[in-house]
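Okay, structure first, notes after.
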Amino acid sequence: MKKQRDIIKQLSDKELKYQLLLSQTIIFFISLFLSFFMFDSMLQWLEHFDLNLKEIIFYGGISGIIIVLFDLLIMYLFPAKWYDDGGINERIFKNREMSEILIIVSVVSIAEEFLFRGVLQTTFGYVLASSLFALVHIRYLTKPILFVSVLITSFYIGWIFELTGNLLVTITAHFIVDFLLAIIIRYQK
């Protein structure tokens, strides 16, 4: 954890944004690559995209807001040192323009949901995909409250995908969580 924090401190804001977007682009292409092997056809994979606005708003939008409220409750109930990620999220979002925040959270929510729900959950199941999602957020492992929050969030979003089978719903929920928390970080005094 300390090594990662030290490495991130050495990066400029531009380099940090580049590294973040590069890692998410790699995740996105891994999901596309795996899709060719995990599904009989790309049409089978594309069945997980349904532009059902009621479903997207109800399951994606409302769930995203519930998750953010849960995170805010954690921030209220526990000391900052219990859920602080070492200032990494603050470094990512604090000095960003709104357009940059929108790009970052869009790329992250699409890439991660493609891989963890679209490929891994549909192929290996809900528990494995949700657990792997939490473990990929490695910097949270040394902060039990933060890790449990990510784990609960992962299982909740995975459950939403189980209910709807719609990646647009989980992408929306993920986007709302990341976007609202990024805005809080950005404008927090």
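Descriptive notes on the structure:
- Condition broken by Ile62, with the remaining ones in (1) modelled with pLDDT of 90 or more; (2) under 27 Å from Leu20 (Cβ atoms) satisfied: (2)
- Selection of first residues in segment 159-182 that are touching a residue at least 12 places away in the same chain (Cβ under 8 Å) and of second residues that are among the charged types (D, E, K, R) and surrounded by 22 or more Cβ atoms within 10 Å (Cβ to Cβ), restricted to Cβ pairs under 8 Å at least 6 apart or on distinct chains, gives the following pairs, ordered by first then second residue: Phe161/Arg117; Leu167/Glu113; Leu167/Arg117; Thr170/Glu113; Thr170/Arg117; Ile171/Glu113; His174/Glu112; His174/Glu113.
- You will find that of Asn89, Asn95, the residue that is surrounded by fewer than 19 Cβ atoms within 10 Å (Cβ to Cβ), touching a residue at least 60 places away in the same chain (Cβ under 8 Å) and not in a helix (DSSP H, G or I) is Asn95 and no other.
- Residue in segment 21-55 that is surrounded by the most Cβ atoms within 10 Å (Cβ to Cβ), counting only those that are in a helix (DSSP H, G or I) and aromatic (Phe, Trp, Tyr): Trp45
- Just one of the listed residues (Thr123, Thr164) is modelled with pLDDT under 90, more than 29 Å from Lys14 (Cβ to Cβ) and of a type in the set (S, T, N, Q), and it is Thr123.
- Scan segment 157-176 for residues that are surrounded by fewer than 23 Cβ atoms within 10 Å (Cβ to Cβ) and within 24 Å of Lys94 (Cβ to Cβ) and the total you get is 2.
- Some residue of segment 114-135 being in contact (Cβ under 8 Å) with a residue 24 or more places away in the chain, surrounded by 17 or more Cβ atoms within 10 Å (Cβ to Cβ), β-branched (Val, Ile, Thr) and in contact with a Leu (Cβ under 7 Å, 6 or more places away or on another chain): yes
- Scanning segment 26-41 for residues that are within 16 Å of Phe133 (Cα to Cα) and not aliphatic (A, V, I, L, M) yields Phe28, Ser31.
- Lone unmet requirement of (1) buried (at least 18 other Cβ atoms within 10 Å of the Cβ); (2) within 14 Å of the chain's Cα centre (by Cα); (3) at pLDDT below 85 for Lys143: (2)
The values are calculated or read from the model by the stated rules, or taken from the named source; none is laboratory data. Values in this document were obtained by computation on a predicted structure and should not be read as measured data. Backbone-built Cβ (ideal geometry, glycine too); neighbour counts: all protein chains shown.
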